[in-house]
Amino acid sequence: MNTAFGRKFSPYDIHDAVGEKDFCTRQAVVEWPEFMMHDAVSLANWPTLLALFPEFQLTVQLGTEVIASLNSIPLAAPPVSQLDDGGWDWALETGISGKRVERPANCLCGLQIGICREMRGKGLAGMMIALMKALAQKHGFSRLIIPVRPAGKALFPLISMEEYCRRKRPDGLPADPWLRAHVKCGAQMLFPCLSSMSISGSISEWKTWTGMDFPQSGKYCIPGALVPVEFFLENDKAEYIEPNYWIAYSLAEA
């Protein structure tokens, strides 16, 4: 158990992945659409993330049950105004390559937060964001950056990420639940990262992943996808380029 966070997150127990060979299977389930499990950069680098940065991967337990988890990676990033359009994939590759050449990291990048279905709507989103901020501060970082996957964007695949993320509620907060949670916690909304993940596969693979048929080439709106997926039947290939949205926290005075 990691006790460095004191009583701030009581009654929950915080555990990191240091010395945990089965950490990946103990994480809270993140309910990605099946096709999202086939991002080549993630598949190639996720085991390395857990091996090189175990102290930056946390689970939250209530009693003996894992109810939430987070993944993050330290990296050397440019100023927030220059963050890369590659989002998630860029962060994962940059952090790992930087570690291998001993390039000093200057910030923490959040990769994902998972909360068990039965615990959603109980205030854990804000707590997990606070935990990620505390993790960054614990390791001496004054910046936390995150390529957020706005949860509600999949319901509006035909509008741009920029337009979607500008939508506000009457109280002025973002309409999207995850963006709203971050803004409530002090995040600065930045700009879209339009190539955050790239997922390619054969037509038969996409049929398996989605349970759908694709009778002709073109763009298809697929449940769970934030933008349409483009199919090229003549090349037996379909490609999904996922946009996310960069946000940042300044922790210098936190």
(message) Here are the criteria: (1) surrounded by fewer than 16 Cβ atoms within 10 Å (Cβ to Cβ); (2) polar (S, T, N, Q); (3) without any contact (Cβ under 8 Å) to a residue 24 or more places away in the chain. Tell me which single one Thr94 does not satisfy.
(response) (1)
(request) Check Arg103 against each of (1) at pLDDT below 95; (2) more than 19 Å from Ser42 (Cα to Cα) and name the one condition it does not meet. (result) (1)
(message) I'd like the residue in the stretch 177-221 that is in a helix (DSSP H, G or I), within 14 Å of Ala238 (Cα to Cα) and not aliphatic (A, V, I, L, M) and, out of all such residues, is farthest from the chain's Cα centre (by Cα).
(response) Ser204
(request) Being open to solvent by less than 50 Å² (accessible area, probe 1.4 Å), hydroxyl-bearing (Ser, Thr, Tyr) and either touching a residue at least 40 places away in the same chain (Cβ under 8 Å) or in contact with a Lys or Arg (Cβ under 6 Å, 6 or more places away or on another chain) (or both) is the filter here, so list the residues in the stretch 217-254 that pass it. (result) Tyr240, Tyr245, Tyr249
(message) List the residue pairs whose Cβ atoms are under 6 Å apart, where the first residue sits in the stretch 110-125 and is closer than 16 Å to Val66 by Cα, the second is open to solvent by 30 Å² or more (accessible area, probe 1.4 Å), and the two are 6 or more positions apart or on different chains.
(response) Gln112/Val30; Gly114/Val30
(request) Tell me, please, whether a residue that is more than 26 Å from Ala252 (Cα to Cα), of a type outside the set (D, E, K, R), touching a helix residue (DSSP H, G or I) at 6+ places or on another chain (Cβ under 7 Å) and without any contact (Cβ under 8 Å) to a residue 12 or more places away in the chain can be found in the stretch 129-151. (result) no
(message) So if I check each of Leu49, Leu62, Leu83, Leu70, which one is more than 19 Å from the chain's Cα centre (by Cα), surrounded by 12 or more Cβ atoms within 10 Å (Cβ to Cβ), at pLDDT 85 or above and among the aliphatic types (A, V, I, L, M)?
(response) Leu62
(request) State all residues of the stretch 197-216 that are within 23 Å of Asp39 (Cβ to Cβ) and touching a Lys or Arg at 6+ places or on another chain (Cβ under 8 Å); if no residue qualifies, say none. (result) Ser200, Gly201, Ser202, Ile203, Phe214
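Could you say whether any residue in the stretch 101-116 is among the aliphatic types (A, V, I, L, M), open to solvent by less than 20 Å² (accessible area, probe 1.4 Å) and out of contact with any His (no Cβ under 9 Å at 6 or more places or on another chain)?
Checked the stretch 101-116: at least one residue is among the aliphatic types (A, V, I, L, M), open to solvent by less than 20 Å² (accessible area, probe 1.4 Å) and out of contact with any His (no Cβ under 9 Å at 6 or more places or on another chain).
Is there a residue being at negative phi, in a loop (DSSP other than H, G, I, E, B), buried (at least 18 other Cβ atoms within 10 Å of the Cβ) and at pLDDT 95 or above anywhere in the stretch 128-144?
yes
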(message) Looking only at the stretch 148-176, how many residues end up being more than 30 Å from Asn235 (Cβ to Cβ), open to solvent by 20 Å² or more (accessible area, probe 1.4 Å) and part of a loop (DSSP other than H, G, I, E, B)?
(response) 7
(message) Would you confirm, using the coordinates I've provided, whether Ile67 is assigned to a helix (DSSP H, G or I) and either touching a helix residue (DSSP H, G or I) at 6+ places or on another chain (Cβ under 6 Å) or without any contact (Cβ under 8 Å) to a residue 60 or more places away in the chain (or both)?
(response) no
(request) Working only within the stretch 190-207, note down all residues that are open to solvent by 20 Å² or more (accessible area, probe 1.4 Å), touching a residue at least 40 places away in the same chain (Cβ under 8 Å) and over 30 Å from Pro78 (Cα atoms). (result) Glu205
(request) Would you be able to tell me the number of residues in the stretch 34-46 that are open to solvent by less than 50 Å² (accessible area, probe 1.4 Å) and hydrophobic (A, V, I, L, M, F, W, C)? (result) 4
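The values are calculated or read from the model by the stated rules, or taken from the named source; none is laboratory data. Owing to the predicted nature of the structure, the values given are computational and were not obtained by experimental measurement. Methodologically, a virtual Cβ is constructed for each residue, glycine included, from the backbone with ideal geometry; neighbour enumeration extends over all protein chains shown. Areas reflect the complete protein model, heavy atoms only, side chains present, ligands, DNA and RNA absent. Shrake-Rupley method; radii C 1.70, N 1.55, O 1.52, S 1.80 Å.
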